[in-house]
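Heads up, the thing below is written out as structure tokens.
The values are calculated or read from the model by the stated rules, or taken from the named source; none is laboratory data. Here the structure is a predicted model, which means the values were calculated and not measured. We place every Cβ from the backbone using ideal geometry, glycine too, and count neighbours over all the protein chains shown.
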Amino acid sequence: MNRPFIALIMACFISLIGSPERGYTMKVESVDFDLSEDEAVIVFFNLSDGEATLVKDGHNHHLLINTGSERSKHELFHLMNTFGVKKVDDIIVTKPGPGFDDNLNEVVTRYSPNRVYVPAEYKKRSDVLYKSWKEGTNHRYSKEISVRVLHHEGTTPSMDILVTYGENRILYMTNGDLITEKKLSQLPLSDTDVLKVANYGIGSTTSQPFLEKVDPQAAIIFESSTGRIETDLLERLYEMWIDIHYVKQTGTVAMKMTKYQYEMISIPSHS
């Protein structure tokens, strides 16, 4: 695969990890991607704790994956406003617990989604609104956007999913253990464009064999208050020439796509 133009150069990235200063001076009031009907964007929000990702297509349909932590609630809703979200059509929760579904109730109240998709064994809060997904579930949101559950973990209800738009593939990892990685390595994932790193890059996640098998062009790492990114992981990504987008340092990251290519855009956070 040819690497598309990447809007952000991660020079000396590893030396930045652990810096308490964000250092951003630009304040972004609103963002409009002006999508045509055959375009879509995936926005990885820069939250101080937890993860949330917005998917929007050219027909103004919105899908939200996870809702961040209680600590980052105001940041989440500020970003939703910044990107002009008035209605969320569907929500996906990949795992219960802090950093994933803390703000789910308020998101549901504010944006009135049609459905909330959760892992099987997830404790549902409404039998009408919530729908369980099992391993192998393939859900199509539009002609070009689909989400497939690659792996479901029952002990702690969670799922690893593949988001597809045209020929663009985003592997959204929740579980970073070696057993899960070995299982997913048996699947045809070598044409993955972007890897959302599991467990905020903390601990023994995203092994070398898994990276070699998936071979992503870019990696997204969210921020967590529970620990720091493993330096060994950053070195693995760096040595494999994988573009690293650690939202604490880059700000919110948008992946703007046509059916056949994409570009990564960094959007600075307000100071």
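Details
- Annotation note: Cβ proximity below 8 Å between a residue of segment 114-132 that is touching a residue at least 40 places away in the same chain (Cβ under 8 Å) and a residue that is aliphatic (A, V, I, L, M) (sequence gap 6+ or interchain) occurs for 119/93; 119/159.
For every residue, the table says whether it meets (1) part of a helix (DSSP H, G or I); (2) among the basic types (Lys, Arg); (3) at pLDDT 95 or above.
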| site | (1), (2), (3) |
| --- | --- |
| 29 | no, no, no |
| 33 | no, no, no |
| 41 | no, no, yes |
| 46 | no, no, yes |
| 55 | no, no, yes |
| 60 | no, no, no |
| 68 | no, no, yes |
| 80 | yes, no, yes |
| 88 | no, no, yes |
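- Of the residues making up segment 222-239, those that are of a type outside the set (Val, Ile, Thr) and surrounded by 14 or more Cβ atoms within 10 Å (Cβ to Cβ) are 222, 223, 224, 230, 233, 234, 236, 237, 238.
- Scope segment 240-252; condition surrounded by 21 or more Cβ atoms within 10 Å (Cβ to Cβ) and aromatic (Phe, Trp, Tyr); matching residues: 246
- Residue list for segment 36-53, filter: acidic (Asp, Glu) and more than 11 Å from the chain's Cα centre (by Cα): 37, 38, 39, 49
- Restricted to strands (runs of 3 or more DSSP E) entirely inside segment 99-190, those with at least 1 residues that are surrounded by 14 or more Cβ atoms within 10 Å (Cβ to Cβ), hydroxyl-bearing (Ser, Thr, Tyr) and touching a Lys or Arg at 6+ places or on another chain (Cβ under 8 Å) are 115-119, 130-133, 145-153, 158-165, 168-172.
- Test: residue in segment 168-184 that is among the hydroxyl-bearing types (Ser, Thr, Tyr), under 25 Å from residue 141 (Cβ atoms) and touching a residue at least 60 places away in the same chain (Cβ under 8 Å): yes
- Sole residue being more than 20 Å from residue 263 (Cβ to Cβ) and of a type in the set (D, E, K, R), chosen from 167, 144, 153: 153
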